[in-house]
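Student: Dropping a structure here in structure tokens format, bear with me for questions.
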Amino acid sequence: MWGASHAENNKDKSVRMEAFRQTYLRLCKEGAVEPQESVMVKLQECRASRLDLSGLSLSTDTCTVLGRAFQNDTFFSDVSLSDCMLSEEGAKVFLTGIFYNTTLKVLDLKGNNLKSTGAEVLGKLLARNKALIRLVLDWNALGVWDEAFTAFCEGLSSNCALTHLDLRNNQINHHGTLELAQALKRNSTLKVLDLRWNNIGLLGGRYLLSALPSNHSVEQLELAGNNIPSDTLKALEQIVGRNTDRQSTLRESHSRTQVLSKEIQILKQEKGQQFQNLMVTIDRQREEMGQSSRSTSIQINQLQEALNGRKSAVNSLTTKLQMMEAALALSEQKNHNLAELIAKLKVEKEQQLEVRNREKKKEHEDSMSREAKHLREIKNLTETNVQLKSTVEEVERRCKSQQQQLFELKQELTNSTAELKLKLAQAEDRLEIAKRMSKQALEDLDNRRQRELEHVNRNREENEKALQERILKLEGQRIQLEEDLSRTKAACVAERSLAEEQLGKVRAQVRQEEQAHVSSLEEKLRSVRSSLQEVQLQCSQQKQIISEQQAKNCQQTIETDGLRRRIEELQQELSGKDQEKVAEVSRVRVELQEQIGHLEAERTAQGGLKEKICALEREIKVLTSNHREALLDKESETSSLMEKLRLKEVEIQRMRDDEAQRASCLQNAILTYVKGSPLGQYSSPKT
């Protein structure tokens, strides 16, 4: 990997070198300057970032081209033009070209005999260039012209990048040294200053001695060959040594501060990373907790919905069960009522049978007595026959009128029944069935009565044939028969009234809402029946009523059997439904128990999740507290380090003040020594 990067670096260097050569050739063509072969050879031989043109005689045009080539940033950081015998104009053009170059760090202009113009241009270079670090100017003549060297010193005073300046053999006298000392007071970056083999002398040494206490950056000062007294040199060496010590301490403190700052930065980065990791873990845990809470809430909502659905299903089942229980109770009540009705009907039927048996016995006895009476009253019948015929006619007329009234009443009854049918839709079927059954019974009774009447008529005809000779006996028998008919009519009326009462009870059970109307109809029927009782001449109707009662009894027995079968079927259905309900209820209970078990398991799982969440929150709180404590510890450490730095700075400032005081004391001592010495007395009037 290092070999690959090194190869890429060499390739980049060769490319940049070739670009500089091409630029140099292009500028030569543009300026119509013949490129020097020696320069081209040096450029081709150059492989590093140092351009060495020392020893070559460079013309002004070549310097112009090089200055233009160095106006922009180039590949070279070290340029050596030593002993090139540069002319004033060539040096000016070249130095002007590198005013704003930022890549050139070292410039060697040794042995080029630079004078006033060169010094001024160098001053401008130092004032404007911010990248040059080392400047070699030995074996030149910069100090010959004071004004030009003053411009050079002004540029040096404003420079903030140069650290190494070589001014050996530049004929610098004490005036130039004074300007140089003033520049050193304002300069704070120059570390190495080489002034060997100049004409500084005693005054120049004093100037330097007075200026160096204000400068804390010069660490190396070379003053050999300048005719400076040894004590001045020692004083200057001491000041420079202090600067060296100060700079070393400053470098150490700076390095320490850098190390501490790096450590602090590393600690901050570590703590920041730890804090970020902690926040990431907290966010992740929060997200997980949020997801788990959302999932649990969703599950809870789903379970709640399922539970609500189950509750609604259970409620519907309970309502259905209640409805079925109500229907069952209603059916049981109906069964109970029907059983009571059947029992009542049975009792009434037994009573009617007993009454009929008694009546039959009475009729037989009465018939025997009537035969005796007929024989006795036949004579009377013949006498009253004529009267009876007239009365019969009269009765027939009345019967016709009463039949007309009965027809009208029947029409009213049909109208009322039609109204009842409209109002009582549920009872119509039963009433229609009862009516049909009653009609059938009436027809049966009519047929039976007709048969009986035919039998009676046959007997009567036989009697008439047998008693043609004895008309009185027949008339007595007729009277007796009429009496028997009246009795039978009375019995039939009684039976009919009982049947009507039973029918009224049935109708009262069926038609509760229309009881008043039914009662009025029953009153009308009673009035009609009372009128029929008054007529009492239609034996056929009476026998029809009797046969109707018998048919009703038969029909009621049939209905009771059907009702029993229906009750048994209903009981079987109810038992089956009860079993189904019990099975459904047991199944629902099992499902509810399973759901309750699932819900309890989920509740326990939620409780476990809540406990985990609480544990995670406690861990987060513990981590945050530990992190806060660590941050507080690091802050206390940084504050202690800053306090130590502040103490070091105070100590350094105190050392500086002590050194300044020592230097001032030494300067005063040197001045007093110089003034008190005979050399000082000799040189003072001369100065």
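Student: Identify, by number, the condition in (1) of a type outside the set (A, V, I, L, M, F, W, C); (2) loosely packed, with under 13 Cβ neighbours inside 10 Å; (3) closer than 30 Å to Glu559 by Cα that Gln352 doesn't meet.
Tutor: That leaves (2) as the condition not met.
Student: Consider region 271-292. How many of its residues are loosely packed, with under 15 Cβ neighbours inside 10 Å, aliphatic (A, V, I, L, M) and farther than 16 Å from Arg628 by Cβ?
Tutor: The qualifying residues number 1.
Student: Can you work out which of the residues in region 470-502 that are open to solvent by 30 Å² or more (accessible area, probe 1.4 Å) and modelled with pLDDT under 70 is farthest from Thr382 (Cα to Cα)?
Tutor: Across region 470-502, the extreme among qualifying residues is Gln477.
Student: Any residue in region 216-228 that is open to solvent by 20 Å² or more (accessible area, probe 1.4 Å) sitting within a Cβ distance under 8 Å of a residue that is basic (Lys, Arg)? List the pairs, counting only those 6 or more apart or interchain.
Tutor: Qualifying pairs under 8 Å: His216/Arg246; His216/Arg656; Glu219/Lys191; Gln220/Lys191; Glu222/Arg168; Glu222/Arg196; Ala224/Arg196; Gly225/Arg196.
Student: Which condition from (1) in contact with a helix residue (DSSP H, G or I) (Cβ under 9 Å, 6 or more places away or on another chain); (2) within 30 Å of Ser664 (Cα to Cα) is the one that Ile264 breaks?
Tutor: That leaves (2) as the condition not met.
Student: Within region 290-308, how many residues turn out to be touching a residue at least 24 places away in the same chain (Cβ under 8 Å) and more than 14 Å from Ala605 (Cβ to Cβ)?
Tutor: The number of residues fulfilling the criteria is 2.
Student: Could you give every pair whose Cβ atoms fall below 6 Å, whose first residue belongs to region 73-92 and is of a type in the set (Asp, Glu), and whose second residue is part of a helix (DSSP H, G or I), counting only separations of at least 6 or pairs across chains?
Tutor: Hits for this filter: Glu88/Thr117; Glu89/Thr60.
Student: Hey, another quick one. Are there any pairs, at least 6 apart or on different chains, whose C-beta atoms fall under 6 Å, with the first in region 309-338 and under 22 Å from Glu584 (Cα atoms) and assigned to a helix (DSSP H, G or I) and the second open to solvent by 70 Å² or more (accessible area, probe 1.4 Å) and at pLDDT 80 or above, and if so, which?
Tutor: Partner pairs satisfying both residue conditions: none exist.
Conditions (1) closer than 15 Å to Cys84 by Cα; (2) touching a strand residue (DSSP E or B) at 6+ places or on another chain (Cβ under 6 Å); (3) among the hydroxyl-bearing types (Ser, Thr, Tyr); (4) not in a helix (DSSP H, G or I), marked per residue:
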| residue | (1), (2), (3), (4) |
| --- | --- |
| Gln22 | no, no, no, no |
| Leu25 | no, no, no, no |
| Lys29 | no, no, no, no |
| Val33 | no, no, no, yes |
| Gly55 | yes, no, no, yes |
| Leu58 | yes, no, no, yes |
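Student: Right, something else. Condition test on Asn72, is it within 23 Å of Cys160 (Cβ to Cβ) and in a loop (DSSP other than H, G, I, E, B)?
Tutor: yes
Student: If you take the residues in region 43-83 that are hydroxyl-bearing (Ser, Thr, Tyr) and at pLDDT below 85, which one is farthest from Arg21 (Cα to Cα)? Quick ask: steps written out before the conclusion?
Tutor: So the first thing to find is which residues in region 43-83 are hydroxyl-bearing (Ser, Thr, Tyr), and the list is 49, 54, 57, 59-60, 62, 64, 74, 77, 80, 82.
Those left that are additionally at pLDDT below 85: 49, 74.
Values: Ser49: 13, Thr74: 11 Å.
Only one residue tops the list, namely Ser49.
Student: Can I ask one more? Please go through region 35-53 and give me each residue that is of a type outside the set (A, V, I, L, M, F, W, C) and touching a strand residue (DSSP E or B) at 6+ places or on another chain (Cβ under 7 Å), ordered by number. Steps first, please.
Tutor: Pass one, region 35-53, residues of a type outside the set (A, V, I, L, M, F, W, C): 35-38, 42, 44-45, 47, 49-50, 52.
Residues satisfying the conditions are Lys42, Ser49, Arg50, Asp52.
Student: Are any residues in region 164-203 open to solvent by 10 Å² or more (accessible area, probe 1.4 Å), among the hydrophobic types (A, V, I, L, M, F, W, C) and assigned to a loop (DSSP other than H, G, I, E, B), and if so, which ones?
Tutor: Result: Trp197, single match.
Student: Something else now. Provide a single number: the residues in region 586-597 that are surrounded by 11 or more Cβ atoms within 10 Å (Cβ to Cβ) and either without any contact (Cβ under 8 Å) to a residue 24 or more places away in the chain or farther than 13 Å from Leu303 by Cβ (or both). Break it down stepwise before answering.
Tutor: Initially, region 586-597 is screened for residues surrounded by 11 or more Cβ atoms within 10 Å (Cβ to Cβ), giving 587-589, 591-592, 595-596.
Those left that are additionally either without any contact (Cβ under 8 Å) to a residue 24 or more places away in the chain or farther than 13 Å from Leu303 by Cβ (or both): 587-589, 591-592, 596.
Total meeting the criteria: 6.
Student: Could you please find all residues in region 392-419 being at pLDDT below 70 and either open to solvent by 80 Å² or more (accessible area, probe 1.4 Å) or within 30 Å of Glu469 (Cβ to Cβ) (or both)?
Tutor: Scanning region 392-419 gives Val392, Val395.
Student: Run down Ala148, Ala119, Ala141, Ala91 and say which single residue is aliphatic (A, V, I, L, M) and surrounded by fewer than 22 Cβ atoms within 10 Å (Cβ to Cβ).
Tutor: On the way: Ala148 fails: surrounded by fewer than 22 Cβ atoms within 10 Å (Cβ to Cβ); Ala119 fails: surrounded by fewer than 22 Cβ atoms within 10 Å (Cβ to Cβ); Ala91 fails: surrounded by fewer than 22 Cβ atoms within 10 Å (Cβ to Cβ).
Only one candidate qualifies: Ala141.
Student: Hey, Leu86 hits all of (1) open to solvent by 30 Å² or more (accessible area, probe 1.4 Å); (2) farther than 19 Å from Ala131 by Cβ; (3) at pLDDT 85 or above; (4) not basic (Lys, Arg) but one; which does it fall short on?
Tutor: In the conditions (1) open to solvent by 30 Å² or more (accessible area, probe 1.4 Å); (2) farther than 19 Å from Ala131 by Cβ; (3) at pLDDT 85 or above; (4) not basic (Lys, Arg), Leu86 misses (1) alone.
Yes or no, residue by residue, for (1) of a type in the set (Asp, Glu); (2) open to solvent by less than 50 Å² (accessible area, probe 1.4 Å):
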position: Gln550; (1), (2): no, yes
position: Gly562; (1), (2): no, yes
position: Ser575; (1), (2): no, no
position: Glu584; (1), (2): yes, no
position: Glu600; (1), (2): yes, no
position: Gly607; (1), (2): no, yes
position: Asn626; (1), (2): no, no
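The values are calculated or read from the model by the stated rules, or taken from the named source; none is laboratory data. Owing to the predicted nature of the structure, the values given are computational and were not obtained by experimental measurement. All Cβ positions, glycine included, derive from the backbone under ideal geometry; neighbour counts span all protein chains shown. Only protein heavy atoms, including side chains, enter the accessible area calculation; ligands, DNA and RNA are left aside. Shrake-Rupley method; radii C 1.70, N 1.55, O 1.52, S 1.80 Å.
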